[in-house]
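A quick write-up on the structure given underneath.
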Amino acid sequence: MVKKNKKEPKAVKDSKEDLEAKEEKEVKKEPGTHELKALVEAEKDRALRLSAEFDNYKKRTSKEIQDFKRFANETLLKQLLTVVDNLERAIDISEENTDNKGLLDGVKMTHKEMLRIFESFEVKPVKSEGEVFDPNFHQAVTQEESDDCPENTVLKELQKGYTLHGRLIRASMVMVSKKKVTENKNEQKEKIK
């Protein structure tokens with residue numbers, strides 16, 4: 001038998017080796033099952049986070065829009081408070097003078113209607129008289145000594161305060177009680193010694 005020398009040309013041999021090396025590199029480049037699962041999990045996590053962020057964004061903007069709608073009339077309502085104040089002053093003065101009973105009744109009806117409109121817009125008066133002074137809702141204009149009430153109690157409301165949906169739009173102007181000073185100067189000097 002004659003042996004055939006099956007030698008491939010060098011160029012063909014080199015190209016086969018190059019192809020095999022390229023295939024090995026491509027196999028190494030392609031991720032395995034474990035890496036694919038990790039990538040899928042990472043993308044799922046990213047998608048969940050984006051979804052949660054978007055939900056939070058929707059809730060936040062919805063709340064902002066709702067607050068805007070609730071407080072959009074605040075400026076108008078603040079200006080109408082002075083009208084109510086003037087109506088209350090007119091009622092107080094007219095009650096002393098009984099000559100204009102018809103006028104007084106008309107002013108009282110107008111005042112009552114204004115308060116009804118305010119209530120429909122969630123504008124409510126701040127309770128003051130007899131309450132403990134709260135700087136968040138009251139503005140102290142004066143102080144008066146009193147034995148009848150504890151210190152820092154609102155004795156008199158000089159101008160009503162109002163809230164809109166629970167948020168203060170005008171503080172009550174009030175007179176606050178303070179401790180009555182009963183000691184005379186001699187007793188003070190003795191305490192100092």
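Can you tell me which residues in segment 110-138 are assigned to a helix (DSSP H, G or I) and of a type in the set (Ser, Thr, Tyr)? Correct list: Thr110, Ser120. Of all residues assigned to segment 129-140, none qualifies as being among the charged types (D, E, K, R), out of contact with any strand residue (DSSP E or B) (no Cβ under 9 Å at 6 or more places or on another chain) and surrounded by fewer than 14 Cβ atoms within 10 Å (Cβ to Cβ).
Residue-by-condition table, conditions (1) touching a His at 6+ places or on another chain (Cβ under 8 Å); (2) surrounded by 11 or more Cβ atoms within 10 Å (Cβ to Cβ); (3) at pLDDT 85 or above; (4) closer than 30 Å to Ser172 by Cβ:
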site: Val12; (1), (2), (3), (4): no, no, no, no
site: Lys22; (1), (2), (3), (4): no, no, no, no
site: Lys28; (1), (2), (3), (4): no, no, no, no
site: Leu36; (1), (2), (3), (4): no, yes, yes, no
site: Phe68; (1), (2), (3), (4): no, no, yes, yes
site: Leu77; (1), (2), (3), (4): no, yes, yes, yes
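Hey, among Glu95, Glu64, which residue is free of Cβ contacts under 8 Å to residues at least 40 places away in the same chain, within 30 Å of Val126 (Cβ to Cβ), in a helix (DSSP H, G or I) and over 41 Å from the mean Cα position of the chain (by Cα)? Of the residues listed, the single one that is free of Cβ contacts under 8 Å to residues at least 40 places away in the same chain, within 30 Å of Val126 (Cβ to Cβ), in a helix (DSSP H, G or I) and over 41 Å from the mean Cα position of the chain (by Cα) is Glu95. Of the residues Ser120, Ser146, the single one that is of a type in the set (Ser, Thr, Tyr) and not assigned by TED's automatic domain parsing to the domain that holds Ser177 is Ser120. Restricting segment 133-177 to residues that are of a type in the set (Phe, Trp, Tyr) and touching a Ser or Thr at 6+ places or on another chain (Cβ under 8 Å), the residue that is farthest from Glu119 (Cα to Cα) is Phe133.
Scanning segment 139-158 for residues that are more than 26 Å from the chain's Cα centre (by Cα), among the polar types (S, T, N, Q) and assigned to a strand (DSSP E or B) returns Thr142, Gln143, Thr153. Pairing each residue of segment 101-113 that is more than 16 Å from Thr82 (Cα to Cα) with any residue that is surrounded by 11 or more Cβ atoms within 10 Å (Cβ to Cβ) and of a type in the set (Val, Ile, Thr), provided the two are 6+ apart or on different chains, yields C-beta distances under 7 Å for Leu104/Ile91. Looking only at residues in segment 153-177 that are crowded, with 16+ Cβ neighbours inside 10 Å and without any contact (Cβ under 8 Å) to a residue 40 or more places away in the chain, which one is nearest to Arg89 (Cα to Cα)? Ranking the qualifying residues of segment 153-177, first place goes to Glu157.
Just give me the residues in segment 124-147 being of a type in the set (Asp, Glu) and in contact (Cβ under 8 Å) with a residue 12 or more places away in the chain, in sequence order. Result: Glu129, Glu131, Glu144, Glu145, Asp147.
The values are calculated or read from the model by the stated rules, or taken from the named source; none is laboratory data. None of these values were measured; they are calculated from a predicted model. Glycine also receives a Cβ, built like all others from the backbone with ideal geometry; neighbour counts cover every protein chain displayed.
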